Amino acid sequence: MPKYQAISKTTFGNKFWRRYDSYVFAAKDLIAPLVMQEIPRALMHLPIGFVRQGDRYQPVAVLGFETGENLFVAQDGRWLAGYIPAAYRGYPFQLATTPDGEKVLVVDEESGLVNDVQGEPFFDSNGNPAKSVTEVLGFLMQVHANKEATDRVCGILAEQHLIQPWPITVQEGAGERKIEGLYCIDEAALNALPLESLEIVRRAGALPLAYCQLLSMQHLHSFSKLAEARAKTASAFNSTIGIDELDLAFLNDGDTIRFSAI
């Protein structure tokens, strides 16, 4: 189980961390959250849906249907798709919110990537956050800012009654099983929107999300082949793991992120 600890000079001043070289940490995930700015790239490789969180909807990459089995992670830890959700690219770091609403950087101490001997330091010789750590923080802060924008767009889609349960049935032996909890765009309702409502959706920037979700649904047909490839621990895909995964090209430009939380 993850054990997240806020990063401070007192606790991590003499510690080091290593970059992950495997996606085993995501091997049991059936969904991964997405932000709107990465969805045009994600739709080329991953099926996209929505999950409901209270009265809100969150876009997600659909990664599998069997409990504890992410079809896009091979048995040896390789990622088997051409796009990696931003939610995974900051690992073992995450953002947490303090009781007063401040965002702080935390790290999973149970990840096996934090130690006292070697790797990249959390702090430099002057006691300032190391450059690599500030880059991770900047990445996570921009993803968080884009999540807020994504929430607003999803709110508009929901207000216009454009999100509906996604009817998915999978074959199990001689029977079938219905997948519950996933939602999709109601294409018929989208096409039937009155001009005034369509303009509201367009001005909110929600149309790209709606069409990307609909187009991405075709990837569900690849799940059976992925399951077979995963079982054989073989795939035609490879991914490069490292600092390049912090590429912010898919995100909007934002203000400079300051490392005031540490």
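The values are calculated or read from the model by the stated rules, or taken from the named source; none is laboratory data. Since this is a predicted model, take the numbers as computed values, not measurements. Note: ideal-geometry Cβ built from the backbone for every residue, glycine included; neighbour counts use all protein chains shown.
For the stretch 122-175, a residue qualifies if it is without any contact (Cβ under 8 Å) to a residue 24 or more places away in the chain and under 19 Å from the mean Cα position of the chain (by Cα), and exactly one does: GLU148.
For the stretch 195-226, the candidate set comprises residues that are closer than 15 Å to PRO59 by Cα and among the hydrophobic types (A, V, I, L, M, F, W, C); within that set, the residue that is surrounded by the most Cβ atoms within 10 Å (Cβ to Cβ) is LEU209.
Within the set PHE50, PHE25, PHE12, PHE16, the sole residue that is more than 12 Å from the chain's Cα centre (by Cα) and surrounded by fewer than 17 Cβ atoms within 10 Å (Cβ to Cβ) turns out to be PHE16. Within the stretch 155-180, being touching a Phe, Trp or Tyr at 6+ places or on another chain (Cβ under 9 Å) and either of a type in the set (Gly, Ala, Ser) or modelled with pLDDT of 85 or more (or both) holds for GLY155, LEU157, ALA158, ILE163, GLN164, PRO165, TRP166, ILE168, ILE179. Among the residues of the stretch 180-215, the ones that are touching a residue at least 40 places away in the same chain (Cβ under 8 Å) and either touching an Asp or Glu at 6+ places or on another chain (Cβ under 9 Å) or more than 21 Å from HIS45 (Cα to Cα) (or both) come to 6 in all. Could you look through the stretch 50-69, keep only residues that are within 17 Å of ALA26 (Cβ to Cβ) and among the acidic types (Asp, Glu), and pick out the one that is modelled with the highest pLDDT? Ranking the candidates gives GLU69 first. Is there a residue in the stretch 29-36 that is modelled with pLDDT under 95 and under 13 Å from the mean Cα position of the chain (by Cα)? Scanning the stretch 29-36 turns up at least one residue that is modelled with pLDDT under 95 and under 13 Å from the mean Cα position of the chain (by Cα).
Looking at this structure, is ALA42 among the aliphatic types (A, V, I, L, M) and either more than 18 Å from ALA149 (Cβ to Cβ) or modelled with pLDDT under 95 (or both)? Criteria not met by ALA42. Scanning the stretch 81-135 for residues that are out of contact with any helix residue (DSSP H, G or I) (no Cβ under 9 Å at 6 or more places or on another chain), β-branched (Val, Ile, Thr) and under 27 Å from PRO59 (Cβ atoms) turns up THR97, THR98, VAL104, VAL106. The condition of being of a type in the set (Lys, Arg) and either under 20 Å from the mean Cα position of the chain (by Cα) or farther than 27 Å from ASP55 by Cα (or both) does not hold for LYS178. Note on the stretch 1-40: residues that are within 28 Å of PHE123 (Cβ to Cβ) and acidic (Asp, Glu) total 1.
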